[in-house]
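Note sheet for the following structure.
The values are calculated or read from the model by the stated rules, or taken from the named source; none is laboratory data. Predicted model, so just to flag it, every value in this text is computed and none were measured. Cβ placement follows ideal geometry from the backbone for every residue including glycine, while neighbour counts extend to all protein chains displayed.
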Amino acid sequence: MSDSLVAGGTRFARTVGRYVNHDDVLVRFASLWVVVAAAFTVAWVGSYAFLPQRLLRGGNPGATADYAGSVASEFLRLFAWNVGVTLVAIAANTFRSVNTPLGYVLLVVQAPGYGAIWGTGSLAVGTGARIAPSLSVLVARSGPLEITAIVAVVVATRGVMVWHQASGPRWREEFERVRSPREWSLTRREWVVLAVGYLLLAVANYREATAIARIAG
């Protein structure tokens, strides 16, 4: 039984890996979005059910920051912060383990933390009440759009590899420099996805800025 579970898990991981690393950027986007959304949702539901309210508020910089004073200033602050997050993810993409850029790993690792912030009511906007899992909340909040935007940026820049780890075990093998940044190139589709990602990020941050302004008065 255990051997069959391991074999099934290995096949599943390979299938996921094939899609998130697909040559078509749209296939990569859809596949990684599903993985990130699943990690976010599981953490959201689990933290809502089992973790104390406002548990992560002190560890969420946005939850303790003062209002910037206007919608425009708040938007610029939020957008600058999240552009910084995308740049960190792009920098992580310069490292590739076998076939997977580390920017992907960064997103999948961060998604449960953001889901837990929702489930424990540790968001910057609101009263600190837990956010009950529902589809209507996903539409009303800017967070899902922000996550979608960052996924788009990360999959569009998958090709910016510099260091490569050719084989496992991943915790032992060293990364070797195999490419120069001068060799980086994006396809036309990747440029479009990248631009759309940053546009969605701006829209999400503007929605969040207006929500913060309404609460701050």
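A few points about this structure:
- Residue within the stretch 176-199 that is closer than 30 Å to SER142 by Cα, among the hydrophobic types (A, V, I, L, M, F, W, C), modelled with pLDDT of 95 or more and touching a Phe, Trp or Tyr at 6+ places or on another chain (Cβ under 7 Å) present: yes
- Selection from the stretch 170-194 of residues that are out of contact with any helix residue (DSSP H, G or I) (no Cβ under 9 Å at 6 or more places or on another chain) and in contact (Cβ under 8 Å) with a residue 12 or more places away in the chain: ARG170, PHE175, GLU176, ARG177, VAL178, ARG179, SER180, PRO181, TRP184, SER185
Residues are listed down the side, and each one gets a yes or a no for (1) within 27 Å of SER185 (Cα to Cα); (2) at pLDDT 95 or above:
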residue: ALA89; (1), (2): yes, yes
residue: ALA92; (1), (2): yes, yes
residue: PHE95; (1), (2): yes, yes
residue: PRO112; (1), (2): no, yes
residue: LEU135; (1), (2): no, no
residue: LEU145; (1), (2): yes, yes
residue: THR157; (1), (2): yes, yes
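- Failed condition for SER167, given (1) in contact with a Gly (Cβ under 8 Å, 6 or more places away or on another chain); (2) among the polar types (S, T, N, Q); (3) in contact (Cβ under 8 Å) with a residue 60 or more places away in the chain: (1)
Rundown of residues vs (1) part of a helix (DSSP H, G or I); (2) touching a residue at least 40 places away in the same chain (Cβ under 8 Å); (3) aromatic (Phe, Trp, Tyr), yes/no style:
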{"residue": "SER31", "(1), (2), (3)": "yes, no, no"}
{"residue": "PHE40", "(1), (2), (3)": "yes, yes, yes"}
{"residue": "SER73", "(1), (2), (3)": "yes, no, no"}
{"residue": "VAL83", "(1), (2), (3)": "yes, yes, no"}
{"residue": "TYR104", "(1), (2), (3)": "yes, yes, yes"}
